1. Amide H neighbours of A:E226 under 5 Å, at least 5 residues apart or on other chains, H built in the peptide plane: list them.
2. Report the percentage of all Cα-Cα pairs in segment A:201-266 whose separation exceeds 15 Å, rounded to a whole percent.
3. Calculate one ³J(HN,Hα) per residue across segment A:171-183 by plugging θ = phi - 60° into the Karplus curve 6.51 cos²θ - 1.76 cosθ + 1.60, and present them in order as whole Hz with x for glycine and proline.
4. Please report, in Å, the Rg and the Dmax of segment A:24-110, where both are computed over Cα atoms only.
5. At 1.002 mPa s and 20 °C, plugging the Kirkwood radius over alpha-carbon pairs of segment B:160-246 into Stokes-Einstein gives what diffusion coefficient in µm²/s?
6. What net charge do the residues around A:G140 carry, taking every other residue with its C-beta under 14 Å from that of A:G140, with Lys and Arg at +1 and Asp and Glu at -1?
7. Shape of segment B:162-207 from its Cα gyration tensor (a ≥ b ≥ c, root eigenvalues): rounded if a/c is under 1.5, otherwise prolate when a/b > b/c, or oblate?
8. Between A:K31 and B:D49, what is the spin-label point distance in nm, taking each point 7 Å from the Cα along the Cα→C-beta axis?
Amino acid sequence: MAKEKKRKAAEEAVDGDDYIEREDKNPKKQKLILASQIKNKEKRSAVYAKLKHEKRVEKRKKIKARDAASKQALELGEEPPEKMVPRTIENTRELDETVCRPDDEELFAGNDADEFSAVLKQQTAPKVLITTCRFNSSRGPAFIKELLSVIPNAQYYKRGTYELKKIVEYAKNKEFTSIIVVHTNRREPDALLLIGLPDGPTAHFRLSNLVLRKDIKNHGNPTSHEPELVLNNFTTRLGHRVGRMIQSLFPQVPNFRGRRVVTFHNQRDFIFFRHHRYVFEVKEKKEGLKDKKSKASQGKTEKKAIARLQECGPRFTLKLVSLQHGTFDTKGGEFEWVHKADMDTSRRRFFI
Amino acid sequence: MPRTSTVESPGCPPLRALTTDSLGLIKVVEVRGKGGGTPQVVETWGPPDASRSVLATSYADRKKDPVLAVARKNGLIEFLNPLKGDVLTTIKASESGSTDQSASANDLLVGLHFFKSKQEDSSSMLGTLLTCTEKGKVCIRSVGRSDAPSDQSIDSPNEWSVTNGGQVLCSSLDPSENYALFGGKHVELNLWDLNSSKKIWAAKPPRPNNLGISIPTWFTASTFLCKDDHRKIVAGTNQHQVRLYDITSQRRAVISIDFRESPIKAVREDTDGHTVYVGTAIGDLASFDMRTGKMVGCYKGKCCGSIRSIAKHPGLPLIASCGLDSYLRIWDTNKRQLLSAVFLKQHLTSVVIDSHFTAQELEGTKPEEPTSQSEVRDQSDQGGNCDEERSRKSKKKRKDAAGKKEKKMKMHDEEQISGIEDPAEKDWIDELPISKRKNHSKKRGEKQLD
């Protein structure tokens, strides 16, 4: 790859990116040398600094020209030149045929028929059982304490030596609607198993990047009001199903006065969890601060309502490993979706 | 390094497949155009309703009067005409002879087999049906048409129980339709003679290993190996084993193959009598040669959900697989390559292939109804039913049906007599590795002139 780069750069070395032209004995031959090829550190750093400076000057020129062009166009009343949108992976995501469409009757029928509809239609209140793997240490208990404060109507039971299949049975008897199992690996919570009851799907997530409340600067303390739930970007069918599963953990009647919001944001198949308290404030913005000379413009004050967020609660990311049809049974159960290595054929393809 | 551009999969030959799913919908997927078409959902039958979830299907793949039998979760068995989608008749699964209503209410149907060959009086009788429930109640009964006079005498259904305890999970009917096979959780494989209603063979579990541990019996899929031989049976277990049984030699498995780590959910035999296609609960599809017991190869194609059903095309080297990841995938068996995949939005329970579908029939209909077809396709892609379009299309089909049937029969006879494959299909097989044929419209034009 580096060789290609060099070759390509050699072809378009007109702008002089990283190359310096050195006049050789034979004026016809011009050798193009990368700044990194110079062995002498002082000389090399000098050359590189010069190149960097040149680049920065170029960039500033371009920006100035662009701004001037748009300002001119605005003054003239024409349309400003098109703003260049950077190409991101989300922009260039592969067209996915499994994306949910708003006019899909089958989707709504499927939603009515799926395992979460009882909770989501508020026929049953969600009741969550949180437990852990057999050996739980260090950050595990702290994380579970925080989870208990995030999810209303959640109870923690110690794992003991019960088999997970038995735990599922006991939970069904006690009328729980879902089980969360926090799995710890090397004294760090590593995986989250979400089991819907009575015969709901089992989602296995890999947990990473956990930041506990005490490690967040200026954190807030959550209240016990029912939180609002924000689920972003669960576009595909699989994402929709996972989104509904997460939704079934929380009660469907959020208490807006509590000003507490829990966010599950999906981006590139990673689900980011955040927990905030928000407050609306009315700020008075003074107009025309740039023009200091005229006092007449100081009279204008515009009131803008803005929301300030204070983060509370843990912060972690989840990645779906597998979604299994039925309650926990890895060996004998059927999988609806499982991540396989030969699915990662494209950098622009995501499943949730 | 993962690629940044899309790769198009090679297309399929003309094909028609029907899939059923857990919302009770029956979707018809067709591939049109020779050598490289993409499958598209042409029709969707039935309202989406979870209580009408399809548990088992049976397809009588006949030229004349094909019937698709569908067993639903609410206890009804529907018989549909697979060409148009209209329901011919509906019967209750727990009919006649069941005294204990409460017990049969929870007893779901596991196996459904429609007898293709036995067709005595086609005007009033639709045919004979074999049903098997989870608790082991097997019933053979004859099904009358809905428009038949009610005072016609229907033969009394033949009922018997296959197992005492345990749960029947799989059943299979041999192609000569004299023998039936049942197996399940704690139910060893049983082979019954249908004419005499007697169990002629039962399997024996494998010997406990050197530690004395024996694996509990749990058969999840089974099939007969050859179409003219009822003596060889292939079964898949929950413990990821594929076993070959031979009735004439012994009661224990002759060959037992371990395949990966998930339960075997679907087994289908090939027409050559020695290859089987096996699908697991995690989405692995592989084919095995049962003469040696070796795996021929795996089918790689991003299948990430449990494979519920596999169907083999009787003529072409094609298999279709469907499952819980809501995709219908069509594979080439010679190269083990994925030809195409269709997203069908629901958890699919079974797939059947209509082998009497040819592109030539389409060419007759194409100039007559180009607009309605494309409209139907667009709307059914969005997932909605359009009754008007369907009825319009079916009316037209009914009009041409008489003329078309003659054409089909002639062509089919010709094929059988000459013994060579349709030249169009040969072209497709030859051209598959080279390139996708894009100028097939030329050929179609030529045919229309003829």
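The values are calculated or read from the model by the stated rules, or taken from the named source; none is laboratory data. This is a predicted model, so every value here is computed, not measured. Counting neighbours? That spans all protein chains shown, and the Cβs are built from the backbone with ideal geometry, glycine included. Accessible surface is based on the protein model in full, side chains and every heavy atom, while ligands, DNA and RNA are left aside. Shrake-Rupley method; radii C 1.70, N 1.55, O 1.52, S 1.80 Å.
1. The answer is A:N255.
2. Details: 1372 of 2145 pairs.
Distances greater than 15 Å cover 64 percent of the Cα pairs.
3. Per-residue couplings from phi come out as 5, 4, 5, 8, 6, 7, 9, 7, 10, 10, 10, 9, 9 Hz.
4. 25.4, 80
5. Details: Rh = 13.3 Å.
Estimated diffusion coefficient is 161 µm²/s.
6. Numbers: positive: A:R134, A:R139, A:K145, A:K158, A:R159, A:R186, A:R187; negative: A:E146, A:E188, A:D190.
Computed value for this residue: +4.
7. prolate
8. For A:K31 paired with B:D49, the spin-label model returns 8.4 nm.
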